[in-house]
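Student: Sharing a structure below in structure tokens format, with a few things to ask.
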Amino acid sequence: MVGFSSPGLGSGLDVNGIVTQLMTLERRPVALLNTKEAGLQAKLTAYGSLKGALSAIQTAAKTLTLETTFASRTAAVSDSTILSAAAGITTAAGSYAIEVTQLAKHHAVRSNIDIATMDTFNTGVLAIKVGAGATVNVTIDSNNNTLAGIRQAINDANTGITATIVNDGSTNRLVLSSKTLGSAGAITVTTTDFGSGGTLALAGLDSSVLVATQAADDAKFSVNGIAITRSSNTVGDVIDGMSLSLTKVGTTTVAVSKNTGATTTVINGFVKAYNEAVKQLQNSSAYDATNKRASVLTGDGTARSIDTELRGLVQTSVPGIGGGIATLSSIGISLQKDGTLAVDNTKLAAALADPAKDVAALFATTASNSKGIAVRFNDALEGIIGIAGLLASRTDGLSASIKDIGRQRDALALRLTQIETRYRKQFTALDSVIAGMSQTSQYLTQQLANLPSLSNNR
């Protein structure tokens, strides 16, 4: 039986001390609720961390189901000063000999008449056309018939060319540069001169008298001896899936091969995500025998179920794959004693380089529509971490329990307030009674002391 102490009785009764000790006993259920809540919160946190780790596996698994993961190509250019190249998944592996004999250029022309800064032109119209595009009419009137005014009018009209003024040391030149490369950007200017308003004829800006400073050359090159002409230096329609950017005249070779490096990176990313999830499971469910201490998920059925499912998935055998592969171990990924995966990079590289081994089917889908390992991982993990998955159900249950504890604690707090109020009333009343009895005792003692002694009356 737990007792309590007070400094004394009577009017000195320690009501606060007594009530405090009694309420400490009454509050024990609150402490138990807090401990239970902390345990549930710890589980909720552990499940959240586990969900994040499993989500990383699912993301990596989804990448392994993509065609681009295994079909990507790399293009190596022997002389990158001549061109750059990017190969797509449809580009056939092999070597391409490319000779660039001419780069595409922007057509540029200039005026061939002497033009002073203060000269004006007759009013009229400049009809400007770029390649096979639509003609844009630029009106020249008294407000813009100077050389600077004409330059500004052309630029403001969005004609597809850029107009500038260049002083060559003896006179001003109007220079027109196409914004479009090659023959598709050839500039044509047709003038209509109204014959008034200026010191110079507008016809002096007609294409018939303009001087070309840079020809509207197309790009000319050959691929494996086949001559090709394009109006741009960026070409994407010559070799299937390959984009070329021509930068200089010359000869080079483009070697296209499977991008096994990118595939290896994705596979290693999957293995890393798997191992981190396994370690997360182990750390949260392990039992410390030395200190006799359990982890937050020790003995937890959900954690055991997830661990069992993950181990089963990495040991899956997929039928119907070419090249004699059916499991992760057949391409160099093996399950270790501690539950993690290890990668034999030499064996993996050999499998990826062997065209007979359909590594993509092992992870994605076989020709006979058997689900690959990555597809199975994705499906299984959706059942674990999806909206209606195992972890969602488990965490929903924990959250509900935590809310219920909150309600119990609120109800208990109200009851404890009532109990404390009752205790204070009772002990305050007791203090009053004891105080009254103490006063009566003192009075009787005084009265008895004043009575004559029996010996004196004899």
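Student: What number, in percent, do you get for the relative contact order of the chain if the mean sequence gap of Cα pairs under 8 Å and at least 6 apart is divided by its residue count?
Tutor: On the way: 776 pairs, mean separation 99.4, N = 458.
Over the chain, the number comes to 22 percent.
Student: Additional query: Computed over the Cα atoms of the range 84-127, what is the convex hull's projected area averaged over all directions, in nm²? Display every interim value, and only then the final one.
Tutor: Details: hull surface 31.7 nm².
Answer in nm², one decimal: 7.9.
Student: As a test of understanding, state the convex hull volume per residue of the chain from its alpha carbons, in Å³. Numbers along the way, then the final one.
Tutor: Working: hull volume 171.7 nm³, N = 458.
Cα convex hull per residue, to the nearest whole number: 375 Å³.
Student: For S399, S183, what's the fewest-to-most ordering of other Cβ within 10 Å of each Cβ?
Tutor: Values: S399 13, S183 17.
So the ranking, lowest neighbour count to highest, is S399, S183.
Student: Separate question: Can you give the percent of C-alpha pairs in the range 382-436 whose distance is more than 18 Å? Numbers along the way, then the final one.
Tutor: On the way: 925 of 1485 pairs.
That tail contains 62 percent of the Cα-Cα pairs.
Student: Next question. Between M23 and A262, what is the label-to-label distance in nm when each label sits 7 Å out along the Cα-to-Cβ direction?
Tutor: 7.0 nm
Student: Another one. What is the pair-distance distribution P(r) of the range 25-87, computed from all Cα-Cα distances in 10 Å bins starting at 0, with each bin given as a whole percent?
Tutor: Going from the shortest bin to the longest, the percentages are 16, 18, 16, 15, 12, 9, 7, 4, 1.
Student: Compute the relative contact order of the range 106-214 as a whole-number percentage, counting only Cα pairs closer than 8 Å that sit 6 or more residues apart in sequence.
Tutor: On the way: 259 pairs, mean separation 46.6, N = 109.
That works out to 43 percent.
Student: How big is the range 278-380 along each principal axis, measuring the range of its Cα positions in Å and listing the largest first?
Tutor: Rounded to whole Å, the extents work out to 54, 29, 14 Å.
Student: Ok, one more. Taking neighbour Cβ counts within 10 Å as the exposure measure, how do F221, F427 sort from fewest upward? Can you show the working numbers first?
Tutor: Values: F221 25, F427 20.
Listing F221, F427 from fewest to most nearby Cβ atoms yields F427, F221.
Student: In terms of Cα to Cα distance under 13 Å, which aspartates and glutamates are near enough to K248, apart from those fewer than 8 places away along the same chain?
Tutor: D79, E99
Student: Please tell me the relative contact order of the range 225-383 in percent, rounded to the nearest whole number, where contacts are Cα pairs under 8 Å and at least six residues apart. Intermediate results must be reported in sequence, preceding the final value.
Tutor: Working: 154 pairs, mean separation 25.9, N = 159.
Contact order relative to length: 16 percent.
Student: In the range 106-214, how does Rg compare with the Kirkwood Rh, expressed as the Rg/Rh ratio over alpha carbon atoms? Numbers along the way, then the final one.
Tutor: On the way: Rg = 12.7 Å, Rh = 13.6 Å.
That ratio equals 0.93.
Student: What ranking do D396, D354 get, fewest neighbouring Cβ atoms within 10 angstrom at the top?
Tutor: Working: D396 10, D354 15.
Ordered by Cβ neighbours within 10 Å, fewest first: D396, D354.
Coordinate-derived values only; no laboratory data. In this text the structure is predicted, and so the values were computed from the model without any measurement. When we count neighbours, we look across all protein chains shown, and the Cβ atoms used for this are built from the backbone with ideal geometry, even at glycine.
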